[in-house]
1. Which of the residues belonging to region 53-106 are among the aliphatic types (A, V, I, L, M), in a helix (DSSP H, G or I) and surrounded by fewer than 12 Cβ atoms within 10 Å (Cβ to Cβ)?
2. For region 107-120, name all the residues that are free of Cβ contacts under 8 Å to residues at least 40 places away in the same chain, crowded, with 18+ Cβ neighbours inside 10 Å and in a helix (DSSP H, G or I).
3. Test residue 159 against the stated conditions and say whether it is surrounded by 11 or more Cβ atoms within 10 Å (Cβ to Cβ), modelled with pLDDT of 90 or more and farther than 15 Å from residue 38 by Cα.
4. Within region 35-52, track down each residue that is over 22 Å from residue 104 (Cα atoms), part of a helix (DSSP H, G or I) and of a type in the set (A, V, I, L, M).
Amino acid sequence: MFEQTFKNIDDTLWKDAGCSSELDYIEQTSWVLFLKYLDDFEKDKATAAELAGKTYASIIDPKFQWIKWAAPKLKNGKIDHNALTGDDLVDFVNIKLFPYLKKFKINAEKANTIEYKVGEIFSELKNKIQSGYNLREVINLVDELRFRTHKEKHEMSHLYEAKIKNIDIEHHISAFFLPYLSHQSN
């Protein structure tokens, strides 16, 4: 399930002018996956609180929750095709969402909180996906994924580790061969 989705995401990012390398693909896929994962995490927390007779206060304001901006659904559960897309989606992500998430680091009570970690992550990231249509396609693909079981989380982490190892191998190969090849052409 995850492997084909990752290939489809890479194919989409390959078409985007802002993403020029496998490293870009991983970085851009990561922030989208993280926000989907955070949404699933908060759903799990809310369900656990409800079962315990308590309430759960989401750390994400409603207008920035995945279900509102990334994957709004119709009453029948299908994706709302009137969701943000194109320049509107890119502007929302760059001008509203990322700055909102970066503030979590400043506003967190302690460094060991989820809020601080969210802020730390988004302080280091930049959305490089220039086409809002490509971003919409990536979001729609990620929205189909679930991270709620141990098996799903394990499968995703295994695929991610493999992607990172491939980048590391490619880097070492090019670091070795490029100087050799340039020397040979002289």
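The values are calculated or read from the model by the stated rules, or taken from the named source; none is laboratory data. Bear in mind the structure is a predicted one, so any value in this text is a computation, not a measurement. All Cβ positions, glycine included, derive from the backbone under ideal geometry; neighbour counts span all protein chains shown.
1. Correct list: 95, 106.
2. Of everything in region 107-120, just one residue is free of Cβ contacts under 8 Å to residues at least 40 places away in the same chain, crowded, with 18+ Cβ neighbours inside 10 Å and in a helix (DSSP H, G or I), namely 119.
3. No, not satisfied.
4. Correct list: 48, 49, 51.
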